Structure formats: C-alpha cells, structure tokens
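Every number here is computed from the coordinates shown, using simple stated rules; none is lab data. Worth saying up front: this structure is predicted, and the values here are computed from it rather than measured. As a convention, Cβ positions derive from the backbone with ideal geometry for all residues, glycine included, and neighbour counts pool all protein chains shown.
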Amino acid sequence: MRRLDQNWRTSTRSGTEGNCVEVRLDGETIVVRDSKNRSGPVLRFTDAEWRAFLAGAQDGEFDLPA
C-alpha cells in the first residue's frame, strides 16, 4: 500500500491514471473513497463487511461474465 496522506492508502499496484479507490481505517470502520473525487462521498464498512467483500473478490464473485 502506498501512503497518500496521513490516513488514506491505495494499492501499490494502482496505476498513475487515478482509476482506483483509497482506503483508511477510521476507528473500527473501513472507509473507501474514489481516488478521482477525494472530496466526494465515502463508503463505510464494518470489519466483518470488509472481510466478506475481500473474500468475495478473491473468489471471483464480482467478476464480469466472459
């Protein structure tokens, strides 16, 4: 993970085009925002919700059909 400011991070695999999301820990909540719109809305997840999302992504649950 690459540090963006004091708390926000983005993947080191992100390109320089800004087409990614940034995450930070806010107490017990994981906060996600669009790197192209840093002052825009954020999504908030509990630890359990974030782990379920990551597991689904790793399992291909969100992959587009071929």
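Values for this structure:
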| item | result |
| --- | --- |
| Calculated [θ] (222 nm, deg cm²/dmol) that DSSP helices of n ≥ 4 give over the chain, each run adding -39,500 (n - 2.57) | -5500 deg cm²/dmol |
| Segment THR12-LEU64, extension gain: residue separation times 0.36 nm, minus the distance between their alpha carbons | 16.4 nm |
| Cα gyration tensor shape for the chain, rounded if a/c is under 1.5, else prolate or oblate | oblate |
| Virtual spin-label span in nm between GLU28 and THR46, 7 Å along Cα→Cβ | 0.8 |
| For peptides 30-43, 47-60, sequence by mean Cβ density within 10 Å, most packed first | 30-43, 47-60 |
| Size of electric dipole in the range 2-58: Cβ of Lys, Arg +1 and of Asp, Glu -1, about Cα centre, debye, nearest 20 | 200 |
| Nitroxide proxy distance, nm - points 7 Å out along Cα→Cβ at SER35 and ALA55 | 2.8 |
